[in-house]
Amino acid sequence: MFKKVKPYMGSYTKYTYLAAAFMLTAIIASMVPYYLVYRIIKPLTEGESVGGTFLAASLGISAVCLVLHAVLYVLGLKFSHIAAYNTLKNLRCSLQRKMEKQPLGTIQEKGSGRIKKLFTDDIEQVELLLAHAIPEGIANLGIAVIAIICMFFVDWRLALLSLGSLPLGLFAMGMMFKSGMAKMNDYYTAATKMNNTIIEYVNGMEVVKVFGRDGESYKRYETDIKSYRDFTLDWYRICWPWMALYSALIPCVALVTIPVGTLLVINGVCTLADLVLVVCLSLAVGMPLLKAMNFAGKFPQLNYKVAEIEKAMEAEPLKTKGNKFIGNGRDISFKNVSFGYNDEEVIHNISLDLKQGTMTALVGESGSGKSTLAKLLVHYYDIGGGSITIGGQDITDMSLEALNEQISYVSQEQFLFNTSLYENILLGNPAASRDQVLVAANQAQCDEFLQRLPDGIDTMAGDGGKQLSGGERQRISLARALLKNAPIIVLDEATAFIDPENEEKMNAAIANIIKDKTVLVIAHRLQTIVNADKICVLRDGELVAADRHEKLLESCEDYKKLWELSQERSAWSIGNEVKA
């Protein structure tokens with residue numbers, strides 16, 4: 001286990017060894033009073049007296065040793081925590097670098113609950129190993145071994161007696177490990193599932209309340225929490241008896257030594273002085289040995305956690321070559337593109353060209369692959385087959401930074417950071433001036449709601465942008481895209497949360513963004529894309545037709561059906577009948 005963590009410790013490895021040395025010295029110092037007690041008792045058992053000077057000196061030395069034990073032990077903990085927290089920093093930074101190279105879609109699939117648990121709970125558990133289990137475990141085990149060796153030098157028979165309870169204690173500990181390891185995977189699986197469910201339940205509480213789905217949502221929430229509770233109690237129920245047994249047996253190293261040793265002394269086999277010394281050493285062995293064994297019980301859990309962390313780090317990185325954009329123009333080409341989630345193909349051999357300066361729209365029923373195709377263009381995932389090029393350059397040939405400089409992606413779910421709206425827009429171009437940010441906000445039709453806010457554009461967005469409505473968050477996102485001014489625009493349901501009153505403003509904002517750009521737009525409201533240069537109709541991950549609006553109405557049944565449904569939806573109205 002130490003071998004797994006050591007690469008992340010770097011230059012701080014020496015602090016762990018230094019901590020173990022300090023703690024070992026501290027525990028040796030704590031054993032000195034036991035030896036002094038032996039030196040006091042030995043002459044008394046032989047009918048001799050003990051001088052007052054020796055008693056005073058023994059008392060003074062014992063006090064110094066106890067103070068030395070406290071000081072050295074605290075210093076050891078200080079060094080072990082320096083090593084531990086710097087290792088946690090390195091581990092988290094290493095995890096971050098690995099995750100940044102993975103497809104963004106893969107990260108989203110993991111769920112925020114699992115990622116939070118990975119970065120905080122799981123990595124935090126490594127601190128126990130580094131700051132306590134390794135240095136304290138080594139020190140306590142080392143002093144127990146030293147004490148046992150000393151007992152063998154005093155009298156090998158009494159030393160063997162002092163070890164009488166250890167085989168049973170170690171057997172109980174072995175059984176606990178064996179039983180616990182069998183349940184560990186189920187336990188952590190249940191914990192991960194519960195974390196994700198809790199976060200989803202809290203984030204979706206408003207929707208649940210509005211649509212009266214409390215019972216169904218709470219049932220899943222309750223089921224996952226109870227599942228975690230049941231796994232935990234089942235695991236503990238198996239481990240607790242063995243834990244209690246070894247906790248009782250391991251410290252009792254004098255359990256056999258005192259009665260049997262007394263008989264040996266009576267029969268003249270051993271001396272009383274030797275028995276007293278072995279008993280004193282036994283008292284110095286019990287608690288350190290139990291501490292060492294208790295820390296040993298943490299290793300399987302920590303081993304599992306580090307294995308999970310490394311597993312997350314070893315996920316397949318996104319395929320990029322790190323080159324700059326060197327394409328000729330901004331024509332986009334999908335050639336025989338295929339893609340699947342979890343070995344189930346959802347995009348089937350699609351070929352599609354988007355000419356520079358034109359608007360291409362993707363339409364189709366839910367689940368037809370529209371958003372997936374857009375996400376493949378912005379390299380959320382690696383494609384399964386075929387290629388996607390911009391200006392003739394494959395997107396896998398350029399770095400993510402270079403690709404992101406070419407594309408502004410506005411999705412239906414926009415995240416705002418809990419900072420000012422000004423700073424949220426500035427993310428589109430950190431080098432922009434305040435005047436440029438204000439112009440972008442104006443062009444994105446944000447002025448109407450910014451004027452109502454207490455601090456205008458400097459108002460805090462709140463967690464996830466909760467201070468704004470869905471439509472307002474999307475207009476802030478459009479302002480961000482305007483400020484970025486990328487040559488390629490991808491709009492994935494950019495008007496999804498817009499009410500009819502603000503739809504005209506939103507369309508005006510979009511018109512500002514897409515001017516002279518290469519545009520890929522996804523929309524359920526077909527009225528918004530009737531003037532697109534090309535409309536591509538998708539069905540079950542396949543491209544069934546691609547043409548202008550008028551020609552598709554004549555030649556494509558799928559599009560004609562979508563258009564009719566869209567017309568019916570736009571004609572819906574809510575009215576009241578007043579009866580006389």
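For segment 332-570, what proportion of DSSP beta bridges, expressed in % and rounded to the nearest 5, is antiparallel?
Values: 20 of 37 bridges.
Restricted to segment 332-570, the bridges split so that about 55 percent are antiparallel.
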Next item on the list: Select from the chain the helices, each a whole stretch of DSSP H, whose alpha-carbon atoms run 18 Å or more along the helix axis and whose Kyte-Doolittle mean is at least 0.0; answer none if there are none.
Entry: 13-45, 52-100, 134-154, 166-203, 272-296
Checklist line | Restricting segment 397-499 to chymotrypsin sites (Phe, Trp or Tyr not before Pro) in coil, as DSSP defines it, with at most 12 other Cβ within 10 Å | finding: 415
Notebook entry, point to check: Using the beta-carbon distance between residue 387 and residue 198 and R0 = 51 Å, what value does 1/(1 + (r/R0)^6) give for FRET efficiency, to the nearest 0.05?
Noted result: 0.80
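For the chain, what is the mean residue ellipticity at 222 nm derived from helices alone (per DSSP H run of n ≥ 4: -39500 (n - 2.57); sum divided by total residues; nearest 500 deg cm²/dmol)? Present the calculation step by step, with values, prior to reporting the outcome.
Details: 23 runs with 352 residues, N = 580.
My calculation for the chain gives -20000 deg cm²/dmol from helical runs alone.
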Notebook entry, point to check: Under 5 Å between amide H atoms, partner at least 5 residues away or on a different chain: which partners does residue 50 have, H built in plane at 1.01 Å?
Noted result: none
Checklist line | Dipole in debye (nearest 20) - segment 1-88, about Cα centre, beta carbon charges: Lys, Arg +1; Asp, Glu -1 | finding: 580 debye
Next item on the list: Work out from phi, with θ = phi - 60° and the Karplus expression 6.51 cos²θ - 1.76 cosθ + 1.60, the ³J(HN,Hα) of each residue of segment 380-386, listed in order in whole Hz, and give x for Gly and Pro.
Entry: 5, 9, 7, 6, x, x, x
Check: Any idea what the relative contact order of segment 340-496 is, in percent, if you count C-alpha pairs under 8 Å spaced at least 6 apart?
Finding: 29 percent
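Given contacts defined as C-alpha pairs under 8 Å and at least six residues apart, what's the relative contact order of the chain, whole-number percent? Present the calculation step by step, with values, prior to reporting the outcome.
Working: 861 pairs, mean separation 81.0, N = 580.
14 percent.
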Notebook entry, point to check: Roughly how many debye, to the nearest 20, is the charge dipole of segment 332-570 about its Cα centre, given +1 on each Lys and Arg Cβ, -1 on each Asp and Glu Cβ, and no other charges?
Noted result: 440 debye
Notebook entry, point to check: How long is the gain from residue 63 to residue 222 if the chain were fully straight, where each residue apart is worth 0.36 nm and the alpha carbon distance is subtracted?
Noted result: 51.6 nm
Notebook entry, point to check: Which aspartates and glutamates have a Cα less than 19 Å from the Cα of residue 89, not counting those fewer than 8 places away in the same chain?
Noted result: 100, 121, 122, 124, 127, 308, 310, 314
Next item on the list: Scan (i) 238; (ii) 164; (iii) 220 for the value of volume of the Cα convex hull per residue in Å³ calculated from this model and give just the label.
Entry: (i)
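Stretched out fully, how many nm does the piece from residue 287 to residue 539 gain, at 0.36 nm a residue minus the Cα gap?
Working: separation 252, 0.36 × 252 = 90.72 nm, distance 7.00 nm.
That pair, residue 287 and residue 539, stretches by 83.7 nm at full extension.
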Next item on the list: Could I have the simple spin-label model distance between residue 229 and residue 351, label points 7 Å from Cα toward Cβ, reported in nm to one decimal?
Entry: 6.0 nm
Note to self: Projecting each Cα onto the charge dipole of segment 332-570 (Lys/Arg +1, Asp/Glu -1 at the beta carbon, about the Cα centre), which of 459, 369, 389 comes out farthest on the positive side?
What the structure shows: 459
Checklist line | In sequence order, calculated HN-Hα J values of segment 414-426 (Karplus, 6.51, -1.76, 1.60; Hz; x Gly/Pro) | finding: 9, 9, 10, 6, 7, 9, 5, 4, 4, 5, 5, 6, 4
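Taken together, the values in this text are just the output of simple stated rules run on the coordinates, not laboratory data. Source: prediction; values computed, not measured. A quick note on method: Cβ atoms are made from the backbone with ideal geometry, for glycine too, and the neighbour counts reach across all protein chains shown.
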